[in-house]
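The values are calculated or read from the model by the stated rules, or taken from the named source; none is laboratory data. Bear in mind that the values here come from a model prediction, so they are computed numbers and not experimental data. For neighbour counting, all protein chains shown are included, and Cβ atoms are generated from backbone atoms with ideal geometry for every residue, glycine included. Quick note on the areas: whole protein, heavy atoms, side chains included, nothing else; ligands and nucleic acids left out. Shrake-Rupley method; radii C 1.70, N 1.55, O 1.52, S 1.80 Å.
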Amino acid sequence: MSVSNIKADFTERLFIEAGLCKGMRVLDVGCGTGDVTFLLAALVGNTGAVVGADRDANALAIARQRINPEDQAAPDFIESDLLDISESLGEFDAIVGRRVLMYQADTVATVRALTQRLRPGGLFVFQEHDTTMVPASRGAFPLHTQAQGWIKRMIEHEGADLHIGFNLYRIFTQAGLSVENVRAECLVQTPDSPSSLGYIVRACLPRILAHGVATAGEIEIETLQQRLDEERTHTQNIFIGDMIFGAWARKPK
Ligand SMILES: C[S@@+](CC[C@H](N)C(=O)[O-])C[C@H]1O[C@@H](n2cnc3c(N)ncnc32)[C@H](O)[C@@H]1O
């Protein structure tokens, strides 16, 4: 099973246990290229409807290319800021998002604005992460620690909340929602399980360099994934590579 599959499993379980089901009308905010949006479309089926919203036109173009023209339950994608979701879309049964609240300057104001688009009694379901405690291990993983550090500092430079997972309960409550469940799951990395940390650093490389977090010479991107793989296979130790949080809350009736 790939790392992304494991994360998708958490997302799917979160949605199902929160109560997302056939026939619902759902808004996926910060949908990016649509991974969560298509998962939702399958959950709500032909009798439901899903709208994905993002401010990144390039990501939305990729998401739209993924639509199967014969699929009756295909989602709609709209270009919009989270703070500016059009009233003309009407009310939704649920508003969801993954890895998006962490990037908002005022998370409580953002959640308040989004709940204007939620019907009374509707569900608000978010998956966010805490990247400050990983990798957590009994053994030493110096290269993994260094690579995670580059990503953490890059995100920090971009003004994101690294502790967002721990803050979900407070944010939802302060925004006037009634929290029903908060959960977290550790993603454990064994020497044999696949890891994409080197590829993530490669994808983030321009941002890491632009923020002066590390130099190209320190990162040595061409050999990074291989050196990370070697660090894991040369030890019998395991570590926690990610801490995933999920939470759901309801808008009072
Ligand atoms: C880390 S990506 C996550 C994408 C998707 N939710 C997923 O899990 O695959 C964050 C996305 O949120 C979008 N985003 C962040 N802040 C936003 C805002 N204020 N309004 C609209 N989109 C936003 C970004 O453009 C980006 O596509």
For this session: Identify which of T11, T107, T215 has the largest mean-square fluctuation in a Gaussian network model of the chain, with springs joining Cα atoms closer than 10 Å.
Result: T215
For this session: Just check region 119-165 against the gyration tensor rule for me: Cα atoms, a ≥ b ≥ c as the square roots of the eigenvalues, rounded for a/c under 1.5, and otherwise prolate or oblate depending on whether a/b exceeds b/c.
Result: oblate
Exercise. How long are the semi-axes of the ellipsoid equivalent to the chain, from square roots of 5 times the Cα gyration tensor eigenvalues, in whole Å, largest first?
Worked result: 33, 19, 18
Exercise. Does region 151-235 come out rounded, prolate or oblate, given a ≥ b ≥ c as the square roots of the eigenvalues of its C-alpha gyration tensor, rounded meaning a/c under 1.5 and, failing that, prolate meaning a/b above b/c?
Worked result: oblate
Exercise. Of the lysine pairs in the chain, how many meet both conditions: Cα atoms under 24 Å apart, and a spacing of 8 or more in sequence or different chains?
Worked result: 4
Exercise. Accessible area per residue, 1.4 Å probe, Å², for region 114-237: what's the number?
Worked result: 49
Seminar exercise, completed: Descending packing, highest mean Cβ count within 10 Å first, for 129-135, 39-45, 91-97 is 91-97, 39-45, 129-135
Exercise. When only Cα pairs under 8 Å and 6 or more residues apart are kept, what is the percent relative contact order across the chain?
Worked result: 21
For this session: Could you size up the charge dipole of the chain around its Cα centre, putting +1 on the beta carbon of Lys and Arg and -1 on that of Asp and Glu, and report it in debye to the nearest 20?
Result: 600
Seminar exercise, completed: Sorted on mean Cβ neighbours within 10 Å (highest first), peptides 113-123, 187-197 come out as 113-123, 187-197
For this session: Please give the net charge around T132, taking every other residue with its beta carbon less than 13 angstrom from that of T132, where Lys and Arg add +1 and Asp and Glu add -1.
Result: -3
Problem set entry | Cα long-axis angle, helix 164-174 against the chain (0 to 90 degrees, to the nearest 10) | 30
Problem set entry | Share of carbon and sulfur in the accessible heavy-atom surface of region 3-250 [1.4 Å probe, %] | 50
Seminar exercise, completed: Of G52, G139, G19, the most mobile residue in a GNM of the chain (C-alpha springs, cutoff 10 Å) is G139
Seminar exercise, completed: Computed over the chain: longest principal axis from alpha-carbon atoms vs helix 197-210 long axis, angle to nearest 10 degrees, is 90
